[in-house]
Amino acid sequence: MNNIIVFAETESGKICDVSLELLTKARQLAATLKVDVEALLIGSNVKHLANELFSYGAKVVHLADEPRLLHYRTLPYTAITLRVFNNEQPQIALFGATTVGRDLAPRVSSALKSGLTADCTSLEIGDHQDPKSGKEYKELLYQIRPAFGGNIIATIVNPEHRPQMATVREGVMKKEPLAKAVDGKINILDTSKILVDSDFAVEIIKREIEERKIDIKSAQILVDGGYGVGSKENFSLVFELAKTLGAEVGASRAAVDAGFVENARQIGQTGVTVRPKLIICVGVSGAIQHTAGMDQSKIIIAINNDPEAPIHKIADYSIIGDLNDVVPKMIAAYKKHSK
Amino acid sequence: MDKKFKIVVLAKQVPDTRNVGKDAMTPEGTVNRAALPAIFNPEDMNALEQALRIKDKFPGSEIFILTMGPFRAAEIIREGLFRGTDGGILLTDRRFAGADTLATSYAISQAVKKMNPDIILAGRQAIDGDTAQVGPQVAEKLNIPQITYAEEITELTESKITILRRLERGIEVVTSILPCLITVHATAAQCRPRNAKNLLKYKYARTPNEEKDPANQGKYLISTDEKPFLKIQEWTVDDVGGDENSYGFAGSPTKVKKVESIVFKAKESKVLSDSEADIDSLIAELMANHEIG
């Protein structure tokens, strides 16, 4: 009872990485709380995916499997999630902060009048005392996230309502399968008893999903361009350095918002969290909303002509200088030494 | 077809968190709101453009902005009027204060019920919270479909709307019944500029509280009785009714336990110059350690 449920999102017949990352985190939280981890799997012909969820520690997989559920749609997925949550009464429910999770989780939380915290960067278990009533709460979920454009870090709790719900971006938590899968069971849901015709008021008439082309998350080396790069044209310098080093190009939100590079390259709280072995930050000021998505990188090199820029504070190597001067020198040095 | 639609655009006045300067935080580590200008939330502006396009196509359709905030959030409604809306409602009441997304969406849904629109448009998310939760929560409370991440309304008939959605790795085209709630993504069309005629017409549009404000004394020469279109309505909890305990702090299941300003973990940082020698030795070191190569 009162276990942790992770929404197992699928895309193109596979479990999304973010769901496996959440299961990994949920195992840790469940161990502290001495409860079990369960998963909710919705789709069409997805039963075989339960084995993967078992190997990430789900003791029970709640399964809704029928043709009408092939692609995510808000209303039927919400109805199924609500039924499972009402039956199982989980104390914590976790969703990926994907276009699906960010559509489903708020709808579910509104129906349950439960709370929801978006885009958490850390989840912990801890106690809480209400500052007004003095009432003590044991073992709540601390939902930790940057707020206010990333200028502050807030710890949010949900003392009275269940489940405690949170969404987490892909790449924020580590993904680790168990050495040996748990001997889990599948709880098959009878969707004919849950879904009604009006749940299908929205029809999908076309769907084009591309394979992921830009993959900054799994890149070992990243060149990270910020607003300081100055223009779309000048980003060619960033790309040139990346090409020389065999790296991928990432960018800050300001650079993406300015239209210098595409959305898929955005690093940070509202983008992708990366942990490469080397990241070279070029013209990045170092706003927390950005650094929250890259400060776990093994080696950080910052190039910025402002010695006061916050990025230098998390850098292993700070180069105080103009990127237009430094980057070509780096390319030249690399070419010289690799001969 | 002479169908006229009633459209409500949910908009929020937000501090401009995108270009935070060094003075955005006080020495005590709290947010210095005065250093951040208040703006029309960018994606709400994209939503407004989608509404204006519907009105272009279906003349006689009406657009109302609904916003919740302090008295000065009336600026959002005037901004809408300058760009072609027909009016707006400011939800303002101390009893709304301290609301998380759930209590916010309760208040908004109560107001929307009273307005009874065919289509509700909103930005995907606001830049001060980035939660993207209020839209779907309002839709749930109204028990209507939601279409999130919309990029364009491609077709609209009396009873059906077709929407192109921008997903992480592709697109989806969906149809929905009306009424429905649509949240609009930043990749949608930019909002048209202010219209000069509207700017003149609505320059002195104001709420009752702005009218009363001593700072505005002598500013308003024409009474709103004479020109009713200059009157921006304010609604309180009493106007939208519902369950009093579902508003504001009391109606918010999530509580902020702790807020910390950002302190960077000090690392042992090697500071290098931009000289060729320094950069050369850095690259050589990285290559020797097999970090690159």
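Taken together, the values in this text are just the output of simple stated rules run on the coordinates, not laboratory data. The structure displayed is predicted, hence computed values, not measured ones. Heads up, the Cβs are rebuilt from the backbone with ideal geometry, glycines too, and the neighbour counts pull from every protein chain shown.
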message: About the Cα centre, and with charges only on the beta carbon of Lys, Arg (+1) and Asp, Glu (-1), how big is the dipole of region A:4-200? Nearest 20 debye, please.
response: 140
- line: Ordered by fewest other Cβ atoms within 10 Å, a rough proxy for footprinting exposure, B:L81, A:L22 read B:L81, A:L22
- request: Report, for the protein assembly as shown, the % of DSSP beta bridges that are antiparallel, rounded to 5.
  value: 35
task: Kindly provide the helix-only [θ] at 222 nm of chain A, computed as the sum of -39,500 (n - 2.57) over DSSP H runs of four or more divided by all residues, to the nearest 500 deg cm²/dmol?
output: -7500 deg cm²/dmol
- line: Residues meeting the amide H criterion for B:L167 (H placed from the backbone, H to H distance under 5 Å, 5 or more places apart or on another chain) are B:E172
task: Apply the membrane-span-like helix rule to chain A: whole DSSP H runs, Cα extent along the own long axis of at least 18 Å, mean Kyte-Doolittle hydropathy at least -1.0. List the helices found.
output: A:17-33, A:74-88, A:323-337
- request: Would you mind putting A:122-131, A:256-265 in packing order, based on average other-beta-carbon counts within 10 Å, highest first?
  value: A:256-265, A:122-131
query: All other residues with a Cβ under 10 Å from the Cβ of A:A154 taken together, and with Lys, Arg as +1 and Asp, Glu as -1, what is their net charge?
result: +2
task: Please name whichever of A:A97, A:I331, A:Y227 sits farthest to the positive end of the charge dipole of the protein assembly as shown, dipole taken about the Cα centre and charges placed at Cβ: Lys and Arg +1, Asp and Glu -1.
output: A:A97
statement: Spelling it out for A:I125: with amide H atoms placed in the peptide plane at 1.01 Å from N, the residues 5 or more places away or on another chain with amide H under 5 Å from its amide H are A:Y142
- prompt: Which whole number gives the average count of other chain Cβ atoms within 10 Å of the Cβ atoms across peptide B:171-177?
  reply: 6
statement: Taking the alpha-carbon centre of each part, the distance from region B:209-245 to region A:159-182 in Å is 47
task: Quick one: dipole size for chain A, taken about the Cα centre, charges +1 on Lys/Arg Cβ and -1 on Asp/Glu Cβ, in debye to the nearest 20.
output: 480
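Could you work out the mean count of beta carbons from other protein chains within 10 Å of each residue's beta carbon in A:329-335?
What the average comes to for A:329-335 is 6.
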statement: Under the rule rounded for a/c under 1.5, else prolate if a/b exceeds b/c, else oblate, using alpha carbon gyration tensor axes a ≥ b ≥ c, the protein assembly as shown is classed as oblate
statement: Looking only at lysines whose Cα falls under 30 Å of A:K335's and that sit 8 or more positions away or on another chain, we get A:K213, A:K217, A:K232, A:K243, A:K277, A:K298, A:K313, B:K267, B:K270
message: Less than 13 Å Cβ to Cβ from B:V240, Lys/Arg counted +1 and Asp/Glu -1: what total charge do the surrounding residues give?
response: -2
- request: Go through B:K4/B:K141; A:K113/B:K114; A:K14/B:K258; B:K203/B:K255; B:K57/B:K113; B:K55/B:K227 and tell me which ones have a Cα-Cα distance over 32 Å in this structure.
  value: A:K14/B:K258; B:K203/B:K255
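Could you line up A:S114, A:S44 from fewest to most neighbouring Cβ atoms inside 10 Å? Present the calculation step by step, with values, prior to reporting the outcome.
Details: A:S114 21, A:S44 15.
So the ranking, lowest neighbour count to highest, is A:S44, A:S114.
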query: Top mean-square fluctuation among A:T270, A:T191, A:T24, Gaussian network model of chain A, C-alpha springs under 10 Å?
result: A:T191
- request: Compare the Cα positions of A:T32, A:A166, A:I205 along the charge dipole of chain A (+1 at Cβ of Lys, Arg; -1 at Cβ of Asp, Glu; about the Cα centre) and return the one farthest towards the positive end.
  value: A:T32
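First select every other residue whose beta carbon is under 14 angstrom from the beta carbon of A:V46; then total the charges, Lys and Arg +1, Asp and Glu -1.
Net charge in that neighbourhood comes out at -2.
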- prompt: Out of B:F71, B:T157, B:T224, whose Cα points farthest toward the positive end of the dipole of region B:6-246 (charges: +1 Lys, Arg; -1 Asp, Glu; placed on Cβ)?
  reply: B:T224
Cross-link reach list, aspartates and glutamates versus B:K219, counting only Cα pairs under 17 Å and skipping chain neighbours closer than eight places: B:E75, B:E210, B:E211
